[in-house]
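Down below is the structure, laid out as structure tokens.
The values are calculated or read from the model by the stated rules, or taken from the named source; none is laboratory data. The model shown is predicted, which means the values in this text are computed figures rather than measured ones. A quick note on method: Cβ atoms are made from the backbone with ideal geometry, for glycine too, and the neighbour counts reach across all protein chains shown. Areas reflect the complete protein model, heavy atoms only, side chains present, ligands, DNA and RNA absent. Shrake-Rupley method; radii C 1.70, N 1.55, O 1.52, S 1.80 Å.
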Amino acid sequence: MVNEKVGRAANPGKRTRLPAAERRAQILAVARDLFVTQGFEQASMRRIADAAGITPTAIYDHFADKEALLTAIAADFFDGLVAAMTVPPDAATDPLGLLRQLMINYVRYGLAHPNEYRLVFMTSLSRFVPTLGHRGLPCSGVVPEEVAQKTVKAMQSFGILQTGIERLVAAGLLRADDPEGFADSVWAMGHGIVSLVITKGDSNFTPIDRWIDTSIGILMDGMRPR
């Protein structure tokens, strides 16, 4: 269901003029909810405009099409994710503690933004590859500027995790043979927790912090120097 506060703006008899930045944020919030509840294909630009309380033509002053909306949602999501994963250097005194905090922050941020997380990491659309280029842009082909910007943000968030892995390698706590594979494995662990809780609810699962500690411990056992 579209957010009630946002939905109130959809009164065609009384349209509220908002500053451009507020209108953009409102349109994105409406689009995000409709993409999740109705599906990307069914949520037309007209439906999004109606729910936002603006004319169908006015929405194009802000976004060219649904793909632009989806890309903007992803870019804003990654901005917040990077901020959440940017742990101050003194927040953890050891590399393992830092990795733990990174993943706790990742999971908490994902659970605090379930609709955005679904669209970015749990959606498969031919026009939008959610995990495109978390290590870099494709080697060939033309990449639209807005997709390139989103990819840079995805690279930043993954880069924070990979740096945490590299610190563990430098400290001799992990093998040095596959740091990228280790980073992918830790990310998969965090993603698994977020996606399970989003889809199944959190009532039957281990408390998040303990779940992360257990998962990291299991991963560390497989990544330690032999």
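Taking the range 37-71 as the search range and keeping residues that are within 25 Å of the chain's Cα centre (by Cα) and of a type in the set (K, R), which one is most open to solvent (accessible area, probe 1.4 Å)?
Within the range 37-71, the match that is most open to solvent (accessible area, probe 1.4 Å) is R47.
Go through the range 172-204 and give me each residue that's among the basic types (K, R) and surrounded by 11 or more Cβ atoms within 10 Å (Cβ to Cβ).
R175, the sole residue that qualifies.
Filter the range 18-35 for residues that are within 15 Å of T57 (Cα to Cα) and either open to solvent by less than 50 Å² (accessible area, probe 1.4 Å) or not in a helix (DSSP H, G or I) (or both); which is modelled with the highest pLDDT?
Among them, the one singled out is I27.
Pairs, please: C-beta under 9 Å, at least 6 apart or cross-chain, first residue more than 21 Å from D177 (Cα to Cα) and assigned to a helix (DSSP H, G or I) and in the range 209-226, second of a type in the set (F, W, Y) and open to solvent by 30 Å² or more (accessible area, probe 1.4 Å)?
W211/F205
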